[in-house]
1. How large is the helix-only mean residue ellipticity at 222 nm for the chain, computed as the sum of -39500 (n - 2.57) over DSSP H runs with n ≥ 4, divided by its residue count, in deg cm²/dmol to the nearest 500?
2. Per residue, what volume in Å³ does the convex hull of the Cα atoms of region 42-130 enclose?
3. Report, to the nearest 10°, how far helix 90-107 tilts away from the longest principal axis of the Cα atoms in the chain, using its own Cα long axis and a range of 0 to 90°.
4. Restricting things to alpha carbons, find the Rg to Rh ratio for region 126-230 using the Kirkwood radius for Rh.
5. Step by step: find N for region 364-429, compute 2.2 N^0.38 Å, then divide the Cα radius of gyration by it. What's the final number?
6. Compute the Rg to Rh ratio over region 278-344 from the alpha carbon atoms, using the Kirkwood formula for Rh, and round to two decimal places.
7. Please compute the modelled spin-label separation between L192 and T405, points set 7 Å along Cα→Cβ, answer in nm with one decimal.
8. For K251 and R318 in the same chain, what is the full-extension length gain: residue separation times 0.36 nm, less their Cα-Cα distance, in nm?
Amino acid sequence: MSDIAAFQCASSSTDLERMYQKITRRIVPLLFLCYLFAYLDRINIGYAQLQMRFDLHFSDAVYGLGASMFFVGYVLFEVPSNVLLKKIGARKTVLRIMLCWGLVSMSTLFVTSPLEFYVARFFLGVFEAGFFPGILFYLTLWFPADRRARIVAFFMAATVAAGLISGPVSGYLLQGMNGVHGLRGWQWVFLLEGMPTVLLGMLTYWMLVDAPSNARWLSATEKEAIAQDLADQSSRAPAETARIREVFRDKSVYRLSALYFSMSCAAYALSFWMPSMLERAGTVGVQRIGLLSLIPYACGVVAMIGYSRHSDKTGERRWHFVFAVLLCALALVFSNWTHGLLWPSVALISVALAAVISSFPVFWAVATSVLRRESAAVGIAIITSLGAVSGIVCPYAIGLIKTSTGSLDAGLYGCAVLLLVASVVMLRA
């Protein structure tokens, strides 16, 4: 009997579980940290604009367009970045991405005009493009489909952790560091929150390996077990070619992109406009807004991990997704009815955020199961690129609505409608 046969036959489930726990401990915490700072550098503009827009005389429309410009660069360069990842590997790709986006994020402190703001946000998107789909593809090299929802949940919990950190830290920097060495608080936000990314990129290059076959900390038996486990589940996936032009013709990729677009609209509306939603609820002071934002994100991290584990345990994906997006839609609608009511607003924002971010791990468990490993890098990049158009449309549209009407209500109603459509698409697919 071969080593792999012995490995699988003798307490196979226990041995496999220990092996995947070992892999999780080795790579997921590091990827979590990377994504935490990626998302922190993406959303800290929501807090910085509370002070920045007055210093630079930016309207809500200017802020919304600046937030959207990130996604223009992101969408344009996401697929090329993932194609490059397959050629040069994860280590070099993550190093390139994190060094460049960290430096661009820090340089935002020099912005003095709307044009400079747009350019800085555009290049932040250019350099961050490919990071998230690249990591999702990287995880498919290590974990089979029946384990991915919980792993993606742990990885994506970084977005919630970024929200937990961004609020109080950015609030402190805006007030506590305002005027230090002649810099305004919002300038310190970009400088001090972008700097760790550069250092973390170099650490990641040193600690990551491109694939299980390159991992010295895995035995030959464990490497073979991973390959066999992935091959067994891949053989049960729908047959499809790995050629790039065929992936672009795959209708399921575009259905998944539509779902991702709808979910992302709600997520970005909450990420970029939560400070303003808390402000309209009667909150005063950026530091208090930052502290109150802890509540929705704390609820979100608990909900996302627990929800994804339940989805993995039951093996059910469709209704888990539908329930989450519909709950978010209802919470967004009701939040428009609580102006001036602080705690009801905080409660509804918490429900909306927890629900929408809980839908993401379930969605990616579905998406990475539909796509074969050979075509996953390109397929994931297409889905995230088309879905990221939401980041172009949503912040700018809500900014225009708020500038013209003085209210966020219509924008949040629009996000709720998109989530309703997403639930119907998932049920019919």
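1. About -28000 deg cm²/dmol.
2. Values: hull volume 6.6 nm³, N = 89.
Enclosed volume per residue, from the Cα hull, is 75 Å³.
3. The answer is roughly 10 degrees.
4. Computed over Cα atoms, the ratio is 1.13.
5. Working it through for region 364-429, the quotient is 1.45.
6. Working: Rg = 15.3 Å, Rh = 13.9 Å.
Dividing the radius of gyration by the Kirkwood radius yields 1.09.
7. So the label points at T405 and L192 sit 3.7 nm apart.
8. That works out to 22.3 nm of additional length.
Taken together, the values in this text are just the output of simple stated rules run on the coordinates, not laboratory data. This one's a predicted model, so the numbers in the text were calculated from it and none came from an experiment. With ideal geometry, Cβ positions are generated from the backbone for all residues, glycine too; neighbour counts draw on all protein chains shown.
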